[in-house]
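The values are calculated or read from the model by the stated rules, or taken from the named source; none is laboratory data. Just so it is clear, the model here is predicted, and its values are computed rather than measured. Quick reminder, even Gly has a Cβ in these numbers, built from the backbone with ideal geometry, and neighbours come from all protein chains shown.
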Amino acid sequence: MKKQIPLIITFIAGMVMILQFFIPHRPFSDLQQLFNTWFLIITVFAMILGLGNLFKVHTKRLQRRPKGWWYSIVLLAGFAIMFIVGMIWGPARGTPFDYLFWNVHLPMSSMMFALLAFFVASASYRAFRARTPEATLLLVSAILVMIGRVPLGNYIWDKLPLIGDWIMSYPNMAGQRAIMIGIALGIVSTSLRIILGIERTYLSGK
Amino acid sequence: MLVAGINVEAFEVLSSSEPPVSPTEVLAKDKPNDAGGSIIVTWRKSDDDVEENELVKEYLVFRSSALDGEFELIGTANKGFEKFVDGTTIDGTQYYYMVKASDRVLHSPPATSEAVSSSAQWFHSGRISMLVATVMICFLILWFIRKAKKGKELYIRPIAGLEAVDDAVGRATEMGKPIMYIPGIADMDDIQTIASVIILGRVARKAAQYETSLLVPCCRSIVMSAAQETVKEAYISAGRSDAYDADKIRYLTDDQFGYAAGVDGMMLREKPGAIFYMGTFYAESLILAETGHSTGAIQIAGTAMPSQLPFFITACDYTLIGEELFAASAYLSKEPLLLGSLKGQDMGKAIIIAILVGGVILVSLGFTKIIAWLATG
Amino acid sequence: MMEIIGIWMAALLTLCILSFLYKDNPFYKFAEHLFVGLSAAYWAVYSYFNILYPNLIQPLFGHGQLLLIIPLVLGIMMVMRLFPKVGWVSRWPLAFIVGSYSGYNLITYLQSNALEQVRATLVPVIQIESWKNLFTNPGVMTFLNAIAAPVVVVGVTTGVIYFFFSKEHKGVFGGFARIGVWFLMIAFGASFGYTVMARISLLIGRMYFLLHNWLHLI
Amino acid sequence: MNIVDHLEKLDRRIIFLLVLLAVIIPLLLPIGFEIKVSEPVQKFYEAIEALPPGSKVLISSEYDPATMPEVYPMNQALAQHCFKKDLRIIGMGLWPQGIPLNQASMEQAAEEYGKEYGVDYVNLGYKAGGIVVISAAAENMPNTFPLDYAGRPIEEFEIMEGIRNFDNIDLIVSLSAGDPGVRHWVMIAQGRYGKKVAGGVTAVSAPAFYPYLNAGQLEGLMGGMKGAAEYETLLEASGTASRGMDAQSIAHGLIIFLILFANLFYLLGKRRKK
């Protein structure tokens, strides 16, 4: 019974969502929006689990004091300050929460993201080598598109930017499209297996 | 001064002293394929509605429930337009529509429609091609699953990234290092994440058999719960329930880059021997994969995000491309039922190729109707 | 005053994260832990004010939309995982989420990723205009434009062939699959090359902040 | 170990340092390279140019401060273009953090062209739900967005008069750094409601949108800071994107050079081993 009911729920929810696509009539037309709201609400409740886990892991570190344990204090303090400030003053513009977001959260987030400029350089230096015919194609198309994207390309040969665009618009698009079509079939098949209960590991069925 | 809800004083220059010519052929019909509550009103442009001058600036649409009743202004359409959708109707009620051309001062005499009422439909007639496609592909997949159930041996080609899973787990074990499994940053509403949790189950079982510890940092609480459940089950079925440690499957933060910062730190300190990236990734893909590479771990990635595939390809040892991610659980489990569904997918692709090639030939010969037939609504 | 403190905090934390490139160090560790804790709280607060309050608390308790009892109950069931004895009920909301989104994604992807993409590929392989162009004005670009349509058809078809799982990639079929792989490689190279620019933009953004807002050098 | 092997296994921190210098030096000492406009950006520009004065453009902001260097200049350029052409802008967003950024770009442009909030532009704010919000707005705008971003009822605003659903919108622009974003606008607004949609996206996601562009599902596309700089060029306005383009070119050139350099030594090394 403990295993049957979730499978029944999965089946019904899945079939209803497939049907709603073909039935404009109410209540089907509203279901997608309704289920989405429900999902979001469940996610917020689930956050209790995630945050509980985060606290458990770090309070344990405070008790056991392994190397670098005091960073756990930084983590918990960061959480506490942001959470308290947010719950007291709310998240609107001009609140302390907003101030911390723009001056603490955002700079770290943006710099983390900007690390990619370095990683793109190191990854391409290492991986773009003409080792095999396939790797050579990867290399050549990357170089052509890259050169086409900067004024430099225009100086070398005025057709380079156009060739870069052409690669993007045709061979690249064809490759992307093939991947997309494959993905669609993979998703249809996985979804179908889930809805029919053939794939149930996520429910720890077997 | 407000005339029909429009601020007249905003227009100082009166374009003409005569009202414009009326629009013609006002037609109202129920908006098809909706949940009711909408009527489409169309008309033919007023003869004065031309690009060169401003004799007509807009059309005013009025509605009444009786032909001789009071007509109420319900909306406007810019010049040059011949359509208005009234989304405020009550199903089953009869309405008459009246359209006037206007230069914002003077209105043309009205043109009126027949009576019409809106209704909701039970089937979306524009989606027949989708219905056929859905039924056909689902049927094919189920057909081959059934065939596989009957014990028909199915060939599945080797997929390098999946063959390497065993090796990666084995190598981490030899080095006495943990395995790290990153299930992407999307929530459980994304099929890639669900597929990732399923693959995690297979990897966890191997890790349990090899007695290697498995770290799973998560970006979403529900994913963490599902991952804990799955890993626990895998350890139980491998007969190693004592080795399961829920704290190894941990939540960090819902924040994309906060998560990337945390996982990067974990990689440098825990020094995993093998790292798996399976699921939905955005920009953090390369931040994680380059850091992982610098630790010297074997890296296997799989995602159906076309934009992130190039980065995994360059920074990881093996990458599952798009559909291969979804094939992974079937492939790793070697269960005939799941392998059957792969065969079904292949048949789906065969049909798509047939439509592609046949369609291109037909279109090249001038038979373009096929494009309309494939419309998905 | 608060603004200056803000800029200094932002600048120093930016440098802490940047120091990661050299090696793992106490500055990075500090920033990392602060970031994880702070951002977890950020999303928790955010979710309360933007999801839970407007979509559950207000409509359910304020306007009496009783249907919302369902997600409330499902949400509570999810949290029941904390109690091992009744933890199994958390599978119900999970089953609901996984089921409904499986159904939804099945349809959506079939529509936009498969059928619509196939439809968009159906163009005449011989574009008479572009061939005329090629003969009146022979050149690299006119040639490339003339072959564009067949390239797309061949690329999509062979690319899909690569993904066949149940047939061995050898012989003529293997040849097609190989061409498919070439297209995938060209696509990956092109996407990578196209992206480099964006990543540099981000770094420019950060450096601009440090040099302009913090150090006032530009 | 000879020099070839050394270069093969070059410490990546040297690369990191070179990249850093390639960005900082041109920022301090600008050069001023020329910018060439690509076709998708040209198409985008023309899609706006083609609208008659008074048309309503919906600009939805699906980005956040992290992706600001790329997308914000687009938002600024677009707002400027719309007001220059006397178009009206309805702002909204499917990412909460995009709202203040969209608002800032509109305010800035409004000041320049003397436009008024509520008459020439409005910001409907953020609504959670992504794809669902698009469908809901397509059917009924006032129901989906009863209030503007600051919580004022939209009936107060002249610009919202006569706007019931997407039928009253002439062009939709989504500026997005991920999902929900352009992809979903194309799926719903274009796919199901037949609206014209144009997109501004981060450079990394741009390739994934070429199929949509090619299939006619997108009117135009701006990709990354380069796309924004091109748009600024078309507008004949120098914005933040144009300013960063020097550093962009130099750093980009450096990476190309590194790849070619690595391959040269790789091939030399291979020959020597033979």
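Take the residues in the stretch A:133-171 that are modelled with pLDDT under 90, at the interface with chain C (Cβ under 7 Å from one of its Cβ atoms) and surrounded by fewer than 22 Cβ atoms within 10 Å (Cβ to Cβ); name whichever of them is nearest to the chain's Cα centre (by Cα).
Step by step, filter the stretch A:133-171, then rank; the result is A:162.
Under 9 Å between Cβ atoms, which residue pairs at least 6 apart in sequence (or on different chains) link something in the stretch D:8-34 that is within 18 Å of residue A:150 (Cα to Cα) with a partner that is in a loop (DSSP other than H, G, I, E, B)?
D:27/C:217; D:27/C:218; D:30/C:218; D:33/A:150
What is the residue count in the stretch A:65-83 for residues that are among the β-branched types (Val, Ile, Thr) and more than 8 Å from chain C (Cβ to nearest Cβ)? Give the derivation first.
Taking the stretch A:65-83 and keeping what is among the β-branched types (Val, Ile, Thr), we get A:73-74, A:81.
Within this subset, residues satisfying the condition of being more than 8 Å from chain C (Cβ to nearest Cβ) are A:73.
Within the stretch A:65-83, residues that are among the β-branched types (Val, Ile, Thr) and more than 8 Å from chain C (Cβ to nearest Cβ) number 1.
Give me a count of the residues in the stretch C:45-75 that are under 30 Å from the mean Cα position of the chain (by Cα) and among the hydrophobic types (A, V, I, L, M, F, W, C).
Final tally of qualifying residues: 7.
Looking at (1) over 23 Å from residue A:29 (Cα atoms); (2) within 20 Å of the chain's Cα centre (by Cα), which is the only condition residue D:181 fails?
Condition (1) is where residue D:181 drops out.
Table: residues versus (1) touching a Phe, Trp or Tyr at 6+ places or on another chain (Cβ under 9 Å); (2) in a loop (DSSP other than H, G, I, E, B); (3) buried (at least 20 other Cβ atoms within 10 Å of the Cβ).
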position	(1), (2), (3)
B:19	no, yes, no
B:42	yes, no, no
B:68	no, yes, no
B:73	yes, no, no
B:90	no, yes, no
B:104	yes, yes, yes
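Out of the residues in the stretch B:316-352 that are touching a strand residue (DSSP E or B) at 6+ places or on another chain (Cβ under 7 Å) and not β-branched (Val, Ile, Thr), state the one that is surrounded by the fewest Cβ atoms within 10 Å (Cβ to Cβ).
Among residues in the stretch B:316-352 that are touching a strand residue (DSSP E or B) at 6+ places or on another chain (Cβ under 7 Å) and not β-branched (Val, Ile, Thr), the one surrounded by the fewest Cβ atoms within 10 Å (Cβ to Cβ) is B:317.
Being within 7 Å of another protein chain (Cβ to nearest Cβ) and of a type in the set (Lys, Arg) is the filter; apply it to the stretch A:177-202 and report the residue that is nearest to the chain's Cα centre (by Cα).
Going residue by residue through the stretch A:177-202, those that are within 7 Å of another protein chain (Cβ to nearest Cβ) are A:177-195, A:198-199, A:201-202.
Filter once more, so that each one left must be of a type in the set (Lys, Arg): A:177, A:193.
Values: A:177: 21, A:193: 23 Å.
Result: A:177.
Looking at residue B:315, is it in contact with a His (Cβ under 8 Å, 6 or more places away or on another chain) and within 20 Å of residue A:129 (Cα to Cα)?
yes
Need a quick list: helices (runs of 4 or more DSSP H) entirely within the stretch D:129-237 having at least 3 residues that are within 11 Å of another protein chain (Cβ to nearest Cβ).
D:131-139, D:141-144, D:206-214, D:224-235
Restricting the search to the stretch B:228-262, which residues are within 30 Å of residue A:111 (Cα to Cα), more than 7 Å from every other protein chain (Cβ to nearest Cβ) and buried (at least 24 other Cβ atoms within 10 Å of the Cβ)?
Those that are within 30 Å of residue A:111 (Cα to Cα), more than 7 Å from every other protein chain (Cβ to nearest Cβ) and buried (at least 24 other Cβ atoms within 10 Å of the Cβ): B:249, B:259.
For the stretch D:96-111, give me each residue that is assigned to a helix (DSSP H, G or I) and either farther than 20 Å from residue D:200 by Cβ or among the polar types (S, T, N, Q) (or both).
Passing the criteria: D:102, D:103, D:105, D:108, D:111.
To keep it simple, each residue is scored yes or no on (1) at pLDDT below 90; (2) away from chain A (no Cβ under 14 Å).
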| site | (1), (2) |
| --- | --- |
| B:69 | yes, yes |
| B:76 | yes, yes |
| B:88 | yes, yes |
| B:94 | no, yes |
| B:102 | yes, yes |
| B:106 | yes, yes |
| B:123 | no, no |
| B:132 | no, no |
| B:152 | yes, yes |
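Restricting to the stretch A:97-113, and then to whatever is surrounded by fewer than 24 Cβ atoms within 10 Å (Cβ to Cβ) and aliphatic (A, V, I, L, M), can you tell me which residue is farthest from residue C:214 (Cα to Cα)?
Selected residue: A:100.
Which condition from (1) touching a Leu at 6+ places or on another chain (Cβ under 8 Å); (2) modelled with pLDDT under 90; (3) buried (at least 21 other Cβ atoms within 10 Å of the Cβ) is the one that residue D:188 breaks?
Only one criterion is unmet by residue D:188, namely (1).
Give the stretch B:111-122 a look and list any residue that's out of contact with any Ser or Thr (no Cβ under 7 Å at 6 or more places or on another chain) and under 30 Å from residue B:18 (Cβ atoms), or say none.
Start the filter on the stretch B:111-122 by keeping residues that are out of contact with any Ser or Thr (no Cβ under 7 Å at 6 or more places or on another chain), which leaves B:112-116, B:119-122.
Scanning the stretch B:111-122 gives B:112, B:113, B:114.
Test of understanding: among A:174, A:130, which residue is surrounded by fewer than 24 Cβ atoms within 10 Å (Cβ to Cβ), at the interface with another protein chain (Cβ under 7 Å from one of its Cβ atoms) and free of Cβ contacts under 8 Å to residues at least 24 places away in the same chain?
Being surrounded by fewer than 24 Cβ atoms within 10 Å (Cβ to Cβ), at the interface with another protein chain (Cβ under 7 Å from one of its Cβ atoms) and free of Cβ contacts under 8 Å to residues at least 24 places away in the same chain holds for just one of A:174, A:130, which is A:130.
Take the residues of the stretch B:170-181 that are buried (at least 23 other Cβ atoms within 10 Å of the Cβ) and hydrophobic (A, V, I, L, M, F, W, C): which is farthest from residue B:281 (Cα to Cα)?
Filtering the stretch B:170-181 for residues buried (at least 23 other Cβ atoms within 10 Å of the Cβ) gives B:172, B:179-181.
Filter once more, so that each one left must be hydrophobic (A, V, I, L, M, F, W, C): B:172, B:179-180.
Values: B:172: 24, B:179: 19, B:180: 16 Å.
That would be B:172.
Looking at the stretch D:95-152 only, could you name the residues that are more than 20 Å from residue D:166 (Cα to Cα), hydroxyl-bearing (Ser, Thr, Tyr) and crowded, with 20+ Cβ neighbours inside 10 Å?
D:105
Is one or more of the residues making up the stretch B:311-323 touching a residue at least 12 places away in the same chain (Cβ under 8 Å), under 18 Å from residue C:195 (Cβ atoms) and of a type in the set (Phe, Trp, Tyr)?
yes
Could you please let me know if residue C:42 is under 21 Å from the mean Cα position of the chain (by Cα), within 11 Å of chain A (Cβ to nearest Cβ) and surrounded by 23 or more Cβ atoms within 10 Å (Cβ to Cβ)? It would help to see each step written out before you state the result.
On the way: under 21 Å from the mean Cα position of the chain (by Cα): no; within 11 Å of chain A (Cβ to nearest Cβ): yes; surrounded by 23 or more Cβ atoms within 10 Å (Cβ to Cβ): yes.
Answer is no for this residue.
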